[in-house]
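The values are calculated or read from the model by the stated rules, or taken from the named source; none is laboratory data. The structure displayed is predicted, hence computed values, not measured ones. Cβ atoms come from the backbone with ideal geometry, glycine included; neighbour counts cover every protein chain shown. Calculation scope for accessible area: heavy atoms of the full protein, side chains included, ligands and nucleic acids excluded. Shrake-Rupley method; radii C 1.70, N 1.55, O 1.52, S 1.80 Å.
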Amino acid sequence: MAPARKALGFYNEANDWFCNAGLPSDITIVIDNVNFHLHKFPLSSRCGKIEKLIEETQNTDQGSCTITLENIPGGANAYLVAAKFCYGVRVELTPRNIVIVYCVAGYLEMFDEYGDDNLFGRAENYFHKTVLKNWKDCMVALQSCETVMTEADNLQIISKCLKAISMMACTDPSLFGWPMMMYGRLQSPGGSILWNGINTGARIRSSESDWWFEDISYLGVPLFERLIKTMEARGIRPEKLTGAIMYYSRKYLHGLGRWQGGQSTKARSIASFSMKPAIVDQRVLLESVVKLLPEKKGKSFCRFLLALLRVALILGVNGKCQNSLERKIGMQLELATLDGLLIPTYSDSDTLYNSDCVERIINHFLTSEQTVTTFSPPSIASEVSQSSGPLRKVSKLVDSYMAEVASDVNLKPEKIRSLAEALPESSRSLNDGLYRALDVYFKVHPWLPDKEKEELCNIINYQKLSIDACAHASQNQHLPLRVVLQVLFFEQMQLRTALAGCVNVLDNENPSTGPMNIVLSGSTAMAGQIVQRDGWVTIVRENQVMRVSMERLRSRVGELEEEFNRMRQEMKRVSRTHNSLESPWFLSRTFGNCKLLPRSSNVQEDVVESTGPATPRGSTDQPRASHHSKHR
């Protein structure tokens, strides 16, 4: 028959397609309100489904028949390709249309039993021998599966593409000669770069590990999720998968890179110039990404999680997704920064910051098991410090967070108290951070009564306040009087303990030195070390307040000792003089030697001598006789 032997043409008029076979149409195929006026013989000779439908309609109508095909993969355009193949028109298979042709050929049952070299066999052969062996073709074919997911899954097209991509992603693409963006195919069989066909001898640098991030970011959320799971099952390293997830999220979740501090990078691409960007529902994407993220630790990963939490609060994701994000952040809270924790309130709450979310993260941190593995690459693993205590880091972070949110006038005292009590008391070696937060809160909330201030101050352990904090608190007008008295009391205890500790240490080092000399000579070197009676030791070598206080105390003690010695000597002298003046012997000797006084100068000399210190009897007679004989 002529229509089956020579290639013919197809043309359309509005929603009707015709074949210029020169014969009247005897069958009409209706697909999505599009009518194909064709012939029974070429269709039934290639399509098993059409043949069965024609046999069913011939029992009732011997003339022309109308067949409606519903849920055909690819719609009217895909059926047009199959119809052209039935009429002998040459059909070109490409990576972009191979999945649609493959699926429609399977739907119409265009197998080899209905004709040699049928469309289904051709599509299957092209898919396995061409598409699955090339990265770019495989990516394009996988993206085209999004419109025919069910049929592609039934034919295992998607699973085969995912396995092929997973295998090629963990392999150096230069080994298979895949066209890289940097050099394309301008390389010799030995791997050197060619210039005008001449071997330059320069070697192509080894490809980066993230070369495939950009290409897979063009996939939709369902296919991307399945690809990541397939790669994970194949054994690709978790940090690579996490990098791909972070890249994909930054591309479609707007504002995520800004909250990450400019962490976005542009990866190289191979197939993206042949692909169209995916249309992504941000809420669905975020909920899927949270499921894919592993439970790992790293500073950059923690920043990403905190930024993801902000977007989740804006989009209003479900509670399960938000709780999972908070739990992942809590597992590595010691790696977080203050800017990351300052999450604004996106609801109708009066407060500026979402402190409830931060409190839940702290609770997750306390309940999480410290068995989380770290990433192996140096770019992330080096950022994780294993030696420092996570609890101490988190306590400092929480204190800084409290000091920031305390400036909110709408923050309730119960909330600042719950944040302070979220961590155990043993987590803080010093309570200076708590004091600073309460100081800011009292300045912003001057209307608080003293009773509420005292209740808030009860969370501070005054024995863990440094010298600077005690000095500041003793002069703080915003604190209640009872709190100031407690601070002064513990400050005196600290000074007393510090001085006792310095003396004891120096006694052990220099046993031959006196106590007073020890304080005067060694207090400068040991003034920075304070040993408190509860066993905690605080280094305050740079504490200028302590040093000045010690210097003043030392100089004052010296002045008091000198003053006391002078007063004691004066008292002894006055007492001795008074006793000598009142004795009868002294009076008789004095008035008896003053019978003849020829000149006033001699009288003055005798008076001066008489008021001098008392001397023994034998020693005073001889000098006086010589004196009077001299004047005579």
Quiz prompt | Close pairs from segment 422-433: first of a type in the set (S, T, Y), partner modelled with pLDDT of 90 or more, Cβ under 9 Å, at least 6 apart | solution = S426/L391; S427/L391; S427/R392; S427/V394; S427/S395; S427/V398; S429/R392; S429/S395
Exercise. Just name the residue that is farthest from K299 (Cα to Cα) out of those in segment 333-366 that are part of a helix (DSSP H, G or I) and open to solvent by 60 Å² or more (accessible area, probe 1.4 Å).
Key: D356
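Looking at T374, is it of a type in the set (S, T, Y), touching a strand residue (DSSP E or B) at 6+ places or on another chain (Cβ under 7 Å) and at pLDDT below 80?
On the way: of a type in the set (S, T, Y): yes; touching a strand residue (DSSP E or B) at 6+ places or on another chain (Cβ under 7 Å): yes; at pLDDT below 80: yes.
Yes, satisfied.
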Quiz prompt | Residues being touching a helix residue (DSSP H, G or I) at 6+ places or on another chain (Cβ under 8 Å), closer than 25 Å to L53 by Cα and not in a helix (DSSP H, G or I) - total across segment 93-130 | solution = 5
Exercise. Check whether at least one residue in segment 240-261 is modelled with pLDDT under 55 and surrounded by 14 or more Cβ atoms within 10 Å (Cβ to Cβ), and report yes or no.
Key: no
Quiz item: For the subset of segment 47-71 comprising residues that are touching a Leu at 6+ places or on another chain (Cβ under 8 Å) and not in a helix (DSSP H, G or I), which member is surrounded by the fewest Cβ atoms within 10 Å (Cβ to Cβ)?
Solution: I67
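Could you please find all residues in segment 81-97 being in contact with a strand residue (DSSP E or B) (Cβ under 9 Å, 6 or more places away or on another chain) and open to solvent by 40 Å² or more (accessible area, probe 1.4 Å)? Walk me through it before giving the result.
Looking only at segment 81-97, we keep the residues that are in contact with a strand residue (DSSP E or B) (Cβ under 9 Å, 6 or more places away or on another chain), and these are 83-84, 86-87, 89.
K84 - this is the single residue of segment 81-97 that is in contact with a strand residue (DSSP E or B) (Cβ under 9 Å, 6 or more places away or on another chain) and open to solvent by 40 Å² or more (accessible area, probe 1.4 Å).
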Self-check item: All positions within segment 21-51 that are among the basic types (K, R), under 14 Å from G115 (Cα atoms) and over 60 Å from the mean Cα position of the chain (by Cα)
Solution: R46
Exercise. Among residues belonging to segment 405-418 that are in contact with a helix residue (DSSP H, G or I) (Cβ under 7 Å, 6 or more places away or on another chain) and surrounded by fewer than 20 Cβ atoms within 10 Å (Cβ to Cβ), point out the one that is farthest from I362 (Cα to Cα).
Key: V409
Quiz item: Going by the conditions given, is D210 under 33 Å from the mean Cα position of the chain (by Cα) and at pLDDT below 85?
Solution: yes
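For segment 419-435, what are the residues that are open to solvent by 40 Å² or more (accessible area, probe 1.4 Å) and in contact with an Asp or Glu (Cβ under 7 Å, 6 or more places away or on another chain)?
Pass one, segment 419-435, residues open to solvent by 40 Å² or more (accessible area, probe 1.4 Å): 421, 424-426, 429-430, 432.
The answer is none; no residue qualifies.
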Self-check item: Checklist (1) surrounded by fewer than 16 Cβ atoms within 10 Å (Cβ to Cβ); (2) under 29 Å from K133 (Cβ atoms); (3) modelled with pLDDT of 90 or more applied to V284, failing item
Solution: (2)
Quiz prompt | Complete set of residues in segment 455-482 that are without any contact (Cβ under 8 Å) to a residue 40 or more places away in the chain, part of a helix (DSSP H, G or I) and farther than 17 Å from A406 by Cβ | solution = Y462, C470, S474, L481, R482
Quiz item: For segment 311-332, what are the residues that are open to solvent by 30 Å² or more (accessible area, probe 1.4 Å) and either outside any helix (DSSP H, G or I) or of a type in the set (K, R) (or both)?
Solution: G316, N318, K320, R327
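Regarding Q143, is this residue modelled with pLDDT under 95, touching a Gly at 6+ places or on another chain (Cβ under 9 Å) and open to solvent by less than 40 Å² (accessible area, probe 1.4 Å)? Steps first, please.
On the way: modelled with pLDDT under 95: yes; touching a Gly at 6+ places or on another chain (Cβ under 9 Å): yes; open to solvent by less than 40 Å² (accessible area, probe 1.4 Å): yes.
So Q143 fits the description; yes.
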Quiz item: Can E455 be described as open to solvent by 80 Å² or more (accessible area, probe 1.4 Å) and in contact with a Pro (Cβ under 8 Å, 6 or more places away or on another chain)?
Solution: yes
Practice problem: Looking at (1) open to solvent by 30 Å² or more (accessible area, probe 1.4 Å); (2) at pLDDT 90 or above, find the lone condition where S382 falls short. | Solution: (2)
Quiz prompt | Members of segment 98-140 found to be in contact with a Leu (Cβ under 8 Å, 6 or more places away or on another chain), within 24 Å of D215 (Cα to Cα) and either basic (K, R) or surrounded by fewer than 22 Cβ atoms within 10 Å (Cβ to Cβ) (or both), listed by number | solution = Y126
